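Below you'll find the structure, written out as structure tokens, and then a few comments.
Every read-out reported here was derived from the displayed coordinates using simple, explicitly stated rules and does not represent laboratory data. These figures come from a predicted structure and were not determined experimentally. Virtual Cβ from ideal backbone geometry, glycine too; neighbours counted across all protein chains shown.
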Amino acid sequence: MREAGMADQDRGEVKQLGDVRREIDAIDAQMHGLLMERTELVRQVAEAKAQAASDAGEGSFIAFRPGREAEVLRALAARHQGPLPLAVIFRLWREIMSAKTRLQGPLRVEVFGGADPLRLWDLARGYYGSFTPMNLREEAMDVLRRVSKDRSVIGVLPAPQPDDGDAWWAMLGRGDTAPVRVVACLPFLTEEGVLPEAYAVAQADFEETGADTSLVVLTFSEAVSAGAVEAQLQEAGLAGTLYLRKEQNGQYYALIGLTGFISAGDGRLETLYNQDGIDGVQLIGGYADPVRLAGCLEKGE
């Protein structure tokens, strides 16, 4: 009798496991159905964008929207709870968003290897998905040239470091090529206080999301101290962080991360430009501030 009872218990456990698996199968079917519905909505978005581009006399439209993508990821982080790591959720949605972007139009990513090509490649692949064509380039300026010639290309470049050979960021917005701007940072999920490892650049607008960092390059004819730059920012009414100072071809450049979204018409940039010693002020885009891991843990990750 004891053996029969144990067999009945075992059968009960198997049946319970089968019920759970059927629930999982049902959820998988719902998720798949919703993804197909989402794809149809993306198709409608693409049609609307194409019509708007045609009405504006433009031959094509830029399918990707870095600001919109950041808002979607932040919304996921705000509602996420349970043991599944938020990094997994972000990776899933990045795959979905990148695949849907490619359904709207062409998309290619050009990656500058830099000192750690595998790390940058992994960051780009994780952010732009396994479905997106990617190429590794040996020179930062080669990446910028390719981006400037094709609106469907995104370039991924390492965040500037003091020992960089070329200050690629100082070249943005200069010359006769199409305007290339910083539009995003990688990774988008990081620990508190950690600066971005890479910037994404494109022929797209840097969009306001409510929590942003704007990037400005200051040009000087003579070397300038960090304290002097900070004082000039304060005098212009701007809050920010001096990321890097660099000398190149007899010019001195400073890369500044300004707190918040700054547009090209912001009067504070003109005030900054009019200060003694500053030869140029170039707004080179910016990025939506990433989700900080400490904040996610507070929400129950």
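Structure above, values below:
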item: Projected label distance in nm at ASN274 and GLU222, using a 7 Å step from Cα toward the beta-carbon; result: 2.3 nm
item: Net charge of Cβ neighbours under 12 Å - reference ILE96; Lys, Arg +1; Asp, Glu -1; result: +3
item: 19 Å cut-off, amide nitrogen to a point 7 angstrom out along ALA52 Cα→Cβ, residues in the range 73-115; result: 73, 97-98, 100-107
item: Neighbour-count order for VAL217, VAL156, fewest beta carbons within 10 angstrom listed first; result: VAL217, VAL156
item: Principal axis dimensions, largest first and in whole angstrom, of the chain by Cα; result: 95, 45, 36
item: Value of relative contact order over the range 214-287, rounded to a whole percent, pairs C-alpha under 8 Å and six or more apart; result: 49 percent
item: Normalised convex hull volume, the range 214-287, alpha-carbon set, Å³ per residue; result: 79 Å³
item: Hull-based mean projected area of the range 34-182, where the convex hull spans the alpha carbons, in square nanometres; result: 10.9 nm²
item: Fewest-first ranking of THR132, THR213, THR39, using other Cβ atoms within 10 Å as the exposure measure; result: THR39, THR132, THR213
item: ASP142/ALA178 FRET efficiency (R0 22 Å; Cβ-Cβ; nearest 0.05); result: 0.90
item: Rounded to 5, the percent of DSSP beta bridges in the chain classed as antiparallel; result: 75 percent
item: Crossing angle, helix 226-235 versus the chain [Cα axis fit, 0-90 degrees, rounded to tens]; result: 90 degrees
item: The chain, relative contact order [Cα under 8 Å, separation at least 6], %; result: 18 percent
